[in-house]
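Throughout, read-outs are computed from the coordinates displayed, never taken from laboratory work. From a predicted model like this one, the values you see are computed outputs, not experimental measurements. FYI the Cβ positions are ideal-geometry reconstructions off the backbone, even for glycines, and counts take in every protein chain you see.
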Amino acid sequence: MQLREALRLSVESILAHKLRSFLTLLGVIFGVATVIIVVSLIEGFNSYVDQKIANIGTNAFSVQKYSIDDFTSLEAYDRANRRNKDVRFEDLRALRERVSDDGPIRAVGAQEQESCELRFAEKVIYGVSLLAITANMVEIQNKSIEFGRSFTPIEEESSRTVCFIGADVAEELFPTSNPVGQRIRIDGRPFEVIGVAEATGSVFGQSRDNYVSIPLSTFMSIYGSRRTIQIFVSSGSQANYQDAIDEVRVVMRTRRRLPPGESDNFGIVTPSAVNNLREKIFGTVQLVAIGVTSIALVVGGIVIMNIMLVSVTERTREIGLRKSLGARRGDILRQFLAESTTLSLTGGALGVAVAYGLARLVTALTPIPATLPLLAVAVALAVSGTVGLVAGVYPAWRASRLDPIVALRSE
């Protein structure tokens, strides 16, 4: 019996018992759909972290009081809080002295953050994020100004009271007018709006556009300079990225007089460090989630094996008739294996369709982009086909071993 003939017979048998075949497929459908949707959520979450959280800037990293490892536990955080020194404006100046066109460090900027109150005419917004940055942070972090401009180095050096605002603030305070040139009050102090930043969306439902940005020097003169800041450094290219990190570490350790062998009392945060923390926290959870949901596929395989055994019993007379007409054991074996594999692959395909619909629904209702990786689809179909093949081995072997004379006598 050729493979094409075996497939034709398997399809006819499946269609002859539509309800039973559908109920048999449910285990595989939900098993495949569950595994794929879990993988899709994991991939979407990883992509979300890369784009929204770990994306510091092009070839950029940050220098701050705490490292990524300091946030792995309360004990680590408390230990770092006691040991680590604040990152000061003087550290920023020292690192800026290492900037050169032919060296690994191409640009050095800084940022500090506070919460503030915004007021324009009769409108008031509370809890707005006040981002104090150096003028070059727009380029380091790849921020885009939708209209107007950001402040200049001269305005930063002279501590001018200028600002640019996020898209949400512009929509709230100036829904029908142009904000550029208007004067708003930040914690009661007047600032001139010189630009509006392009909308960047949200992170886990929290808006990233509800902010106002002012020069760091202006912020220090108003709110005080005795505070820790976050320094951002960008390298000339990815090739000398690690060299820039090493040079920054040498400068910071020298300034803090740390002897060789003593660990850093500051943090250097890179996108890879953020991703490593994500893997450390969620890696085991992801593996367990995939393993647990894969049990549904095993259950689906058991259901297929059970139904195939029932099918063999029901079709004993048919098997005897085929053998008496010249069918060999291999033909009977191939027929039942084709049927179990076709059942499982059909369930796998329907499971992929269900997973696609659920992924679209998750994307529409949550901020996490639940993507459907083609590799996951291919693996799911291959696994479902394998499950069907393995589940059909014993029933097919049992059918092929039937004595034709005994089979023809069965009722």
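Some observations on this one:
- Loop GluC sites (Glu not before Pro), the stretch 54-149 (other Cβ atoms within 10 Å of the site Cβ: 12 or fewer; DSSP): Glu97, Glu122
- Shape parameters for the stretch 60-269, alpha-carbon atoms, Rg then Dmax in Å: 18.3, 60
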